[in-house]
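Worksheet for the structure shown next.
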Amino acid sequence: KEYKDRYGHVVVPRYSTDYVGLGKWVQRQRAKYKDKSEGRYSNLTDERIRLLEELGMAWSVLKQCKDRAERLPWSTRFEQLLQFKKEHGHTVVPQHYPELGNWVHQQRTHYKLMRKGRDSLMNHTKALQLAEIGFVFEVKGRKPKAAIKEQQLQNSPPKLPPFNNTGECWTDAVNFPLPDMI
């Protein structure tokens, strides 16, 4: 109930730093509910189901095909990211954030593939556009919001993670044509 009061929903991430153990507990309740609904033994009572449903418990959180985010052009999602940055002051979009969170996660994944020389939807032009707005390509652990803002407010040119094991930045290691500015 406290989590719902704070966040307005009960789709608790599996690992929450604010509510340690709650995400795993919710996951166990879903598994017990599934067992019960499929006729297997479960110690989940009808009373507990009722109480959880009153809180708005989502028994299934996997997206169905009809619920998937609409496929939009990269430039449209980039504009959404710019709007997110304008509203929140950073580009670290939570993965559960509707539609944009998944797109941001994909950008990081495809950037890593590109750096390894593997097939990727990321290219140097897109990576440069993201870097220019302060996109964080590698998120290791969770930084406090103040640290993220401080990192992005520095007046130095945007820095990309190293391209190769020598520590060279990909802009130094690879020559590529910049798009013609219209």
### Exposure rank, largest accessible area first [Trp59, Trp25, Trp103; 1.4 Å]
Trp25, Trp59, Trp103
### Message
Show me the ranking of peptides 128-136, 90-98, 3-11 by mean Cβ neighbours inside 10 Å, starting with the highest.
### Response
128-136, 90-98, 3-11
### Query
Hey, what's the stretch 1-112 come to in accessible area per residue, 1.4 Å probe, Å²?
70 Å²
### Of all accessible heavy-atom area on the stretch 1-123, the percent that carbon and sulfur account for (1.4 Å)
51 percent
### In the stretch 66-117, the GluC sites (Glu not before Pro) that fall in loop regions by DSSP, at most 14 other Cβ within 10 Å
Glu70, Glu99
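The values are calculated or read from the model by the stated rules, or taken from the named source; none is laboratory data. Every value quoted in this text rests on a predicted model; they were computed, and no experiment measured them. All Cβ positions, even for glycine, are placed from backbone atoms using ideal geometry, and neighbour counts span all protein chains on display. Remember, those area values only see protein heavy atoms, side chains included, never the ligands or the DNA or RNA. Shrake-Rupley method; radii C 1.70, N 1.55, O 1.52, S 1.80 Å.
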